[in-house]
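Notes for the one structure printed next.
The values are calculated or read from the model by the stated rules, or taken from the named source; none is laboratory data. Worth saying up front: this structure is predicted, and the values here are computed from it rather than measured. All Cβ positions, glycine included, derive from the backbone under ideal geometry; neighbour counts span all protein chains shown. These area figures cover heavy atoms from the full protein model, side chains too; ligands, DNA and RNA do not enter into them. Shrake-Rupley method; radii C 1.70, N 1.55, O 1.52, S 1.80 Å.
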Amino acid sequence: GILGTAYIEKEQIEWAEEVLRLGVQWGQEAEDTGNLYVLLAKVRLKSDRWGESIGLLRRALFVGAKPVAVLPMLAFCYAKRRRFVAAAVCLDDAIAAGADGEAQAETRAQIEKEIGPAYRKFRELVPL
């Protein structure tokens, strides 16, 4: 994870991707595998590969990554893929988990622009 992060910081995306992919492969039973998936998703985000990031972030949640770190990125990716209801639900869950709502303002504005009052009505019927 540390080596992959260093490669991300140095903008050596291919190397970061390879190191993190190997880390996930070798550490499948490790306690920190969720964070490796998050880092690998960040690499894909830097390459504007939103759909691939969604799969990695969902896997990260499944193997134990902290929702407060994963859900805002997942909401962003869903919004980029124009899956606005999924993005809105992830964003609400992220804020409920403790994510900074102000940091998510741009994603929230895009979601509200696209789905408008329909989502507010949904949340009235199906609260968090």
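Listing for the model above:
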| quantity | calculated |
| --- | --- |
| Residue check, Ala60 closer than 19 Å to Ala94 by Cα, under 19 Å from the mean Cα position of the chain (by Cα) and part of a helix (DSSP H, G or I) | yes |
| Selection from the range 1-10 of residues that are modelled with pLDDT under 85 and not in a helix (DSSP H, G or I) | Gly1 |
| Which listed residue, of Ala75, Ala79, Ala94, is touching a Cys at 6+ places or on another chain (Cβ under 8 Å) and open to solvent by less than 30 Å² (accessible area, probe 1.4 Å) | Ala75 |
| Condition met for Ile111 (aliphatic (A, V, I, L, M) and open to solvent by 40 Å² or more (accessible area, probe 1.4 Å)) | no |
| Leu57 more than 28 Å from Ala109 (Cβ to Cβ) and crowded, with 16+ Cβ neighbours inside 10 Å | no |
| Any helices (runs of 4 or more DSSP H) falling wholly within the range 66-128 and containing at least 3 residues that are of a type in the set (Lys, Arg) | 117-125 |
| Every residue from the range 6-27 that is over 17 Å from Gly64 (Cα atoms) and among the polar types (S, T, N, Q) | Gln12 |
| Tally of residues being modelled with pLDDT under 85, out of contact with any Gly (no Cβ under 8 Å at 6 or more places or on another chain) and either part of a helix (DSSP H, G or I) or surrounded by 16 or more Cβ atoms within 10 Å (Cβ to Cβ) (or both) across the range 19-44 | 5 |
